[in-house]
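Asker: Got a structure for you, questions after.
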Amino acid sequence: MSGGIDQADADEKLRQGYLILEAFLKENRNLPTPDLFRQCWKLMLRNERLFVGAAKGRNRFKINEKNLVYARFALFYKLLRKEFVPPVRLADESAGLEVHPGSIFVSFHSRLELAIAKLLQDNSHHVTMISAGPRRPQLLELFALSPAPTFIRRSNDCLVLARDALRASSSLIIDVDYTVFDEAQQRNVHKIGISAFAFARKMARPLYFVKPEVNADGEIICTFRLSQTVAPADEIAGNFKSFISDASVPGNEFSIGDWFSDTNGEVRTGTGRPGPQR
Amino acid sequence: MDKISQAVLVVVNGILVKNNKAELTPADLAARNIDDLGFDSMDKLDLVMELEDQLDVLFANSDFLKCRTLAELVQFIGEIR
């Protein structure tokens, strides 16, 4: 058992799910790559109970389980169809993506962040991401990101390096959420750090909130909202929290925090400080 | 104390006071490691931007991150001015 999940049962269901998928893929192998992916995704949604359980096991960021299933399947599908790239589009395509290079985009751990990079790259932006570490090469290949985004490792140097990136007209993507062990509650809590918002305010650059989601057709839909940067950082963080409220997992809602003081600058983000040993 | 050392001391102490920490003395400049000051990412950015303002220099890239001690930082600024 892991976090209330019967892992053996979840793995067995996943195995069954992939058997169904394999049969479907074989039967429909003549479909064009995008159509086959869409149909597979619909099949997975119809059989969600088979796929979701296995995603719950190691989900420290409480990422939407549908996203985890999606990312896993997209990587699998890429092995079958090398030309496949997950479809990514704007929620409001009529508005277009008219943002200046050198803007700041804040989002949250969703397993879909590279879709944001893909959208920006398709609009001629060079992309820099602040992250606990570089993304897996398979994910960069999945989204056909070329050149790969520049990754700045989370540390107390990261905002100085981020300033350099902005000066070089690179657009910056920052996941602002983290988890940390809360002594009072004796559990990991999910927080939104304020540093990125303070940084955007100081840099006087356009700041966008971004929420990527997977729809029923297997498309990644990115919602962008331009934020003001005049208010104090914690107030902007509160606005972001409202923007993504429907993306948080029930029982694990975000609160506002300060990553550096909460984690003592530990680069192993996501794990936070270890809980008490029992 | 030269102008650069003085500016570094003023800026660093400003951040330390904001963080409720003890101020440095001129003697500390020679020995203290920047990483031992307990600065977070925003403090480090403030350090850079305040020094740029006070000394009318531009840190064109992040080479200053290679400076381990405040003495090295003083020397680095002297070289780019």
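Asker: Kindly report the accessible area of chain B per residue (heavy atoms of protein chains, probe 1.4 Å, no ligands, DNA or RNA), in Å². The partial results should precede the final answer.
Answerer: Values: 4190 Å² over 81 residues.
Spelled out: the 1.4 Å probe surface of chain B, per residue, equals 52 Å².
Asker: I've got another one for you. Using a ≥ b ≥ c from the Cα gyration tensor of chain A (square roots of the eigenvalues), is it rounded, prolate or oblate, where a/c under 1.5 gives rounded and otherwise the larger of a/b and b/c decides, a/b for prolate?
Answerer: In terms of gyration-tensor shape, oblate.
Asker: Per residue, how much accessible area does chain A have with a 1.4 Å probe, in Å²? Walk me through the numbers on the way to the answer.
Answerer: Numbers: 13280 Å² over 278 residues.
Heavy-atom accessible area per residue stands at 48 Å².
Asker: Tell me the accessible surface of A:Val214 in square angstrom (1.4 angstrom probe, heavy atoms of protein chains only), to the nearest ten.
Answerer: Accessible area of A:Val214: about 10 Å².
Asker: State whether the range A:129-203 is rounded, prolate or oblate according to the following rule on the C-alpha gyration tensor (a ≥ b ≥ c being the square roots of its eigenvalues): a/c under 1.5 gives rounded; otherwise a/b larger than b/c gives prolate, and the remaining case gives oblate.
Answerer: In terms of gyration-tensor shape, oblate.
Asker: Run down the lysines and flag those whose C-alpha is under 19 Å from the C-alpha of A:Lys26, throwing out any fewer than 8 positions away in its chain.
Answerer: A:Lys42, A:Lys78, A:Lys82
Asker: How many percent of the accessible area of the protein assembly as shown is carbon or sulfur, using a 1.4 Å probe?
Answerer: 49 percent
Asker: Using the charge dipole of the range B:3-80 (Lys, Arg: +1 at Cβ; Asp, Glu: -1 at Cβ; taken about the Cα centre), state which of B:Leu73, B:Asn61, B:Met42 has its Cα farthest towards the positive end.
Answerer: About the Cα centre, the residue reaching furthest to the positive side is B:Leu73.
Asker: Just from its helices, what would the mean residue ellipticity at 222 nm be for chain A, if runs of 4 or more DSSP H residues each count -39500 (n - 2.57) and the sum is divided by every residue, rounded to the nearest 500 deg cm²/dmol? Don't jump to the answer; show the numbers that get you there.
Answerer: Numbers: 10 runs with 111 residues, N = 278.
The per-residue figure over chain A is -12000 deg cm²/dmol.
Asker: What quantity of accessible surface, computed with a 1.4 Å probe and excluding non-protein components, is buried in total between chains A and B, in Å² to the nearest 100?
Answerer: Buried: approximately 1400 Å² between B and A.
Asker: Let me ask another. What is the set of long-range amide H partners of A:Asn188 at a cut-off below 5 Å, with H atoms built 1.01 Å from backbone N?
Answerer: Amide H neighbours of A:Asn188, under 5 Å, 5+ apart: A:Asp182.
Asker: How tilted is helix A:33-46 with respect to the longest principal axis of chain A? Cα atoms for both, answer in degrees (0 to 90, nearest 10).
Answerer: Between helix and principal axis, roughly 90 degrees.
Asker: Work out which residues of the range A:195-225 lose at minimum 30 square angstrom of accessible surface when the other protein chains are put back, relative to the chain isolated, with a 1.4 angstrom probe, and list them by number.
Answerer: The answer is A:Lys202.
Asker: Can you put A:Glu113, A:Glu213 in order of accessible area, largest first, using a 1.4 Å probe?
Answerer: Numbers: A:Glu113 10, A:Glu213 70 Å².
In descending accessible area the options line up as A:Glu213, A:Glu113.
Asker: Select from A:Leu226, A:Tyr208, A:Ser195 the residue farthest towards the positive end of the dipole of the range A:193-233; place +1 on Cβ of Lys and Arg, -1 on Cβ of Asp and Glu, and compute about the Cα centre.
Answerer: My answer, from the dipole projection, is A:Ser195.
Asker: Please sort by residue number the GluC sites (Glu not before Pro) in chain B whose DSSP state is loop and whose Cβ has at most 15 other Cβ atoms within 10 Å.
Answerer: Those that pass, being in a loop and sparsely packed, are B:Glu23.
Asker: I want to make sure I understand the PRE zone here: with the label point 7 angstrom from the Cα of A:Asn123 toward its beta carbon, which residues in the range A:134-155 have backbone N atoms less than 20 Å away?
Answerer: Within reach of a label on A:Asn123: A:143-150.
Asker: Hey, what did chain A get for relative contact order, percent, Cα under 8 Å, at least 6 apart?
Answerer: 21 percent
Asker: Distance check, please: which entries in B:Lys21/B:Lys66; A:Lys118/A:Lys202; A:Lys13/A:Lys66; A:Lys56/A:Lys191 exceed 21 angstrom between their Cα atoms?
Answerer: B:Lys21/B:Lys66; A:Lys118/A:Lys202
Asker: Could you tell me how far the Cα centroid of the range A:121-185 sits from the Cα centroid of the range A:187-218, in Å?
Answerer: 12 Å
Asker: Once you keep just the Cα pairs under 8 angstrom separated by 6 or more residues, what percentage relative contact order results for the range A:166-258?
Answerer: This gives 29 percent for the range A:166-258.
Asker: Suppose a student asked you for the relative contact order of chain B, using Cα pairs under 8 Å spaced at least 6 residues apart; what percent would you report? Intermediate results must be reported in sequence, preceding the final value.
Answerer: On the way: 61 pairs, mean separation 31.7, N = 81.
Relative contact order for chain B comes out at 39 percent.
Asker: Label points 7 Å out from Cα along the Cβ direction at A:Asp6 and A:Ser255: separation in nm?
Answerer: About 3.4 nm, to one decimal.
Asker: I've got another one for you. I'd like the mean, over residues of B:65-74, of how many other protein chain beta carbons sit within 10 Å of each residue's own Cβ.
Answerer: So the per-residue partner count for this stretch is 1.
The values are calculated or read from the model by the stated rules, or taken from the named source; none is laboratory data. Note that the coordinates shown come from a computational prediction; the quantities given were computed from them, not determined experimentally. Please note: Cβ atoms are built from the backbone with ideal geometry, for glycine as well, and neighbour counts cover all protein chains shown. These area figures cover heavy atoms from the full protein model, side chains too; ligands, DNA and RNA do not enter into them. Shrake-Rupley method; radii C 1.70, N 1.55, O 1.52, S 1.80 Å.
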